[in-house]
Every structure is written in structure tokens, then in C-alpha cells.
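First up is the structure itself, then whatever we jot down about it.
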Amino acid sequence: MSNRMWGGRFATGPDAIMEEINASIDFDQRLWRQDIRGSLAHAAMLGETGILTREDVTAIRDGLKSVEGEIEAGSFTFSRALEDIHMNVESRLKDLIGPAAGRLHTARSRNDQVATDMRLWVRDTLDQLDGQVADLQLALAEKAETYAGAVMPGFTHLQSAQPVTFGHHMLAYVEMLARDRSRLRDARERLNECPLGAAALAGTSFPIDRHMTAQVLGFARPTANSLDSVSDRDFVLETLSAASICAMHLSRLAEEIVLWATPQFGFVKLSDKFSTGSSIMPQKRNPDAAELVRGKTGRVFGALQALLTMMKGLPLTYSKDMQEDKEGTFDAVQTLSLCLAAMAGMVRDMAPDLKVMKKAAGMGYAIATDLADWLVRVLKMPFRDAHHVTGRLVGIASAKGVGLEKLSLAEMQAVEPKITDAVFAVLGVEQSVKSRVSYGGTAPANVKRQAKRWLKQLAKERQ
């Protein structure tokens, strides 16, 4: 039996293996909302332009609403023999309203139909992800305000560098996520053109109104080139690219939580809600949620790489290869959404250990730069000379196994005679962070202001 949707040219039906490799309904059925929205807009336009009678348009509209109700209720039966969501919806529509259903496909193709469905789905998805990223920003900004003055080590090369505050560290991720939101919104703006009406690849001879369908579906405008309309998947690639960068940021934070939660660091504690135990070691508290966020990042990256690889060799216009844009995209978006939710929960849940962090902030001679800065600021010493003097003092302190602040004034003056006891005022982690008053620095007053600014901005967005 030939395929009832396109079987006029074919005498027999597809081989079972052909049906298996060709069918996409198992995954593209999630586009059903967008497919029905697009069909309703297309039908309305066909009626307004006189291409279809008002009776046909009414029947199609009522039929599509019935199909929508069946899918929402879970009573709709999806058929693999009908290949995809478009044919499944149209076939059921024909069952409900008869021959008028066949007129719905006038002046369109599955090529522009699926391109429209995917743009609608990706646009909806970008709005959802933007809201989730904003929620994580809120969780981080709230933590930043609470712990604006909580001293912790700042690292380079994972070695103690200079003291910072926990609030400042949280705000670093707020800034990263702000860039993620900017990329998501930028991708949304660029995709917001409607391919419907480009038909298979060359447009149509029917007097359609593409501006009407674009407006009804909330697009800014119709796409300008029919060939590009059906062959473009840049909007998916941009979304996956933005998602990959966002996932990378989440993975970095997840890695820090994993480290911080170890007994060796002991900077934060996660509650039972975001920890698991061991089947053999009763003492274990594993930060599995953070580890899974870190691990799932690869799935998001993989989807981007797979789509780039698939698209790189395709001539214009549509090829069935492009059916492979969906599964990876659906999985990547779902994965990122889950990771965002998990990370927001962990951030709100984790409790920093202020004493442990403060003690660690003074390790590794993290206040050495403060000493060098004092030599420059007070003794007017060239920084390179100050760096050298400080390095010698660090060496002496290290040999004695003490901190810089534990050296005597005499020991310091043996290296640089001009040093006075005023230097001890800067040799402390709290003094260090308070001194970092430059814009964007870790001074608690700075952090408090930045946290309040972000909280105000995020609250305004929610109004």
C-alpha cells in the first residue's frame, strides 16, 4: 500500500527498514502545539485571501481544535506509518472533517511547515530558559547580599591568590549568566522571522499573505528568501551555542561546589536535599547533583557539535538530514533546563562555613599583594622593587612556617629598612578585601551595592 499523503507517484509502500529510519513521530510529536498553531494561522490566511472558502476554513479550524483537544487529553493515537507530526495531525483532521482537510496544505510544504514549527518551539524554549537563568541569578544575588563581607580565598591556578568575599564570588556567576541571557535573547530576536509560505523551496503561485501569517504567529516579519527559509537551521545552532556556553558556566560552578563540599575545603555544606550517600561507606555525603550538572554539560555540547556536523555538507535547500536537528536539540534544552533548576536549588540550599573560609583566605600568603601595594603606596617604591622585597619576606615567613603578619618589624626592616609598624594595618584578610574599592572589586561595600542593583533589576523584570 502506498503512503496516503504522498503515494501518488509510488506503487508500493516503504520497506519496514525505510519506515524505521524515515519516521520522526517518536520525537517530533512534541511539536504538536506549534504545528497546530501554524496550521490555524495558515488556514486563516487562506480564508482571508480567498484561496479557501470560509466554510472550509471554519471546518479546518474546528477540526484542528478537536485534534488539539484530543492530544491534550491523551486520547490521540500517533502513527509511525504517518511519519511525522504534520501528517499525523492532517490525517486525523481528515478523519474528522473529510476532504476539506486536504485543502489545508494548499500553498505550503512540510519543508516550510517544519521550519515554522521549529522556530515557534525554539522561541518558546528560549523564553523558558531565560526565566530559569534569571531565577538562578536571583538565587546567586540573594546569596551575594547575605554574604557580601564573608571572606574567602580567591584563586588563580587553584592556588591561593588574594582574599575575596563569598558574595563577590557569587556575583561573578550572576555576570556570566547575564551574558547567557543576552545570548539567548539575541538568538530569539534573530530567529523571529516566519518561513511559512516559502513552500517547498521556491515560494508559491497562490496569492498568499505571508505578512499576515507572520503577524498572527507573533513573528516580526516573514523570511525574505524562500531557499534560505526552508534550509536554515542557524536559529537552532545559535540556541545550542548559547545553551552550551550557559551549560559550561553551570559546570564551572558545579565543579566549585564539588570542591567546596569536600572535607579538604569545607567551604560549604549541602543539605540532604542535594546530597546522596554511599551504599558501602556510611559517612559519605556526595554532592551528586553538582556532579551531574557537571557531567550533563557534555550532552549539550554534543548536540551542538552533531548539528554543526550535519549541516556543514548540505547543499540548498532541504534534505532529510535536517530531520536530525530535533532529537539532540530537544535533549539539550531539556538537559539545560534540568541543570538550571538543580543549580538554583543548590545555590539556595548551600550554607557557607564562614570560619573555615576566613581561615583559608589567609593561607598561602594571600595578603602578599597587599604588602607590595603598601610599599608602593607609602614608601613610593616602584612596584617591581616592591614585588621583589615582598617575595623575600614571603620566603622568610615560609621558612619559619608563619604568616607575613607574624614576622617582626625587625625581620621586615632587615629586608627593607624603611618599613614601619604601620604595615601591620594591611596584613589581614579583612583589611585586604576592604581595601579593594575599585569599581568591580571585592570590597564588601561594592559587593553589597552590586547585589542590591541586581536584586532590584531582577525584581523589576518580574513585574
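The values are calculated or read from the model by the stated rules, or taken from the named source; none is laboratory data. None of the values given here were measured: they were computed from a predicted structure. Every residue, glycine among them, receives a Cβ derived from its backbone with ideal geometry; neighbour counts consider all protein chains shown. The protein model used for the area step is the full one, side chains on, heavy atoms only, and it has no ligands, DNA or RNA in it. Shrake-Rupley method; radii C 1.70, N 1.55, O 1.52, S 1.80 Å.
The table that follows gives values for the structure above.
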{"quantity": "Among the candidates Lys460, Lys418, residue that is open to solvent by 10 Å² or more (accessible area, probe 1.4 Å) and either closer than 25 Å to Val164 by Cβ or not in a helix (DSSP H, G or I) (or both)", "calculated": "Lys418"}
{"quantity": "Unique residue being hydrophobic (A, V, I, L, M, F, W, C), part of a helix (DSSP H, G or I) and open to solvent by less than 60 Å² (accessible area, probe 1.4 Å) when the list is Ile208, Ile245", "calculated": "Ile245"}
{"quantity": "Selected residue (criterion: surrounded by the fewest Cβ atoms within 10 Å (Cβ to Cβ)) from residues of region 393-410 that are within 21 Å of Glu430 (Cα to Cα) and charged (D, E, K, R)", "calculated": "Lys406"}
{"quantity": "So Leu126, is it assigned to a helix (DSSP H, G or I), farther than 28 Å from Gly345 by Cα, in contact (Cβ under 8 Å) with a residue 40 or more places away in the chain and not β-branched (Val, Ile, Thr)", "calculated": "no"}
{"quantity": "Scope region 156-169; condition among the polar types (S, T, N, Q) and either open to solvent by 70 Å² or more (accessible area, probe 1.4 Å) or modelled with pLDDT under 95 (or both); matching residues", "calculated": "Thr156, Gln159, Ser160, Gln162"}
{"quantity": "Hits in region 211-223 - residues which are open to solvent by less than 50 Å² (accessible area, probe 1.4 Å), touching an Asp or Glu at 6+ places or on another chain (Cβ under 7 Å) and outside any helix (DSSP H, G or I)", "calculated": "Phe219, Pro222, Thr223"}
{"quantity": "Failed item, numbered, when Thr239 is tested on (1) more than 30 Å from Arg110 (Cβ to Cβ); (2) under 19 Å from the mean Cα position of the chain (by Cα); (3) among the polar types (S, T, N, Q)", "calculated": "(1)"}
{"quantity": "Candidates Ala341, Ala386, Ala351, filtered to the one that is outside the structural domain of Lys296 (by the TED database) and small (Gly, Ala, Ser)", "calculated": "Ala386"}
{"quantity": "So Ile71, is it of a type in the set (Val, Ile, Thr), touching a residue at least 24 places away in the same chain (Cβ under 8 Å), open to solvent by 30 Å² or more (accessible area, probe 1.4 Å) and part of a helix (DSSP H, G or I)", "calculated": "no"}
{"quantity": "Region 91-149 - residue that is among the hydroxyl-bearing types (Ser, Thr, Tyr) and open to solvent by less than 40 Å² (accessible area, probe 1.4 Å) and, of those, farthest from Arg183 (Cα to Cα)", "calculated": "Ser91"}
{"quantity": "Residues within region 179-198 that are open to solvent by 10 Å² or more (accessible area, probe 1.4 Å) and outside any helix (DSSP H, G or I), tallied", "calculated": "2"}
{"quantity": "Test: residue in region 170-178 that is open to solvent by less than 70 Å² (accessible area, probe 1.4 Å), touching a His at 6+ places or on another chain (Cβ under 6 Å) and not assigned by the TED database to the domain that holds Gly38", "calculated": "yes"}
{"quantity": "Every pair of residues 6+ apart whose Cβ atoms lie under 7 Å, when the first sits in region 41-57 and is among the acidic types (Asp, Glu) while the second is in a helix (DSSP H, G or I)", "calculated": "Glu48/Met212; Asp56/Ala100; Asp56/Arg103"}
{"quantity": "Verdict on Ala425 being at pLDDT 95 or above and closer than 19 Å to Gln162 by Cα", "calculated": "no"}
{"quantity": "Residue match in region 343-351 (condition: open to solvent by 10 Å² or more (accessible area, probe 1.4 Å), without any contact (Cβ under 8 Å) to a residue 60 or more places away in the chain and in contact with a helix residue (DSSP H, G or I) (Cβ under 8 Å, 6 or more places away or on another chain))", "calculated": "no"}
{"quantity": "Whichever residue in region 302-318 is open to solvent by less than 30 Å² (accessible area, probe 1.4 Å) and closer than 28 Å to Ala199 by Cβ and, among such residues, is modelled with the highest pLDDT", "calculated": "Leu307"}
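Yes/no matrix, rows are residues, columns are (1) outside the structural domain of Asp186 (by the TED database); (2) in contact (Cβ under 8 Å) with a residue 12 or more places away in the chain; (3) touching a helix residue (DSSP H, G or I) at 6+ places or on another chain (Cβ under 7 Å):
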{"site": "Gln113", "(1), (2), (3)": "yes, yes, yes"}
{"site": "Thr116", "(1), (2), (3)": "yes, yes, yes"}
{"site": "Gly131", "(1), (2), (3)": "no, no, no"}
{"site": "Gln137", "(1), (2), (3)": "no, yes, yes"}
{"site": "Ala141", "(1), (2), (3)": "no, yes, yes"}
{"site": "Thr156", "(1), (2), (3)": "yes, no, no"}
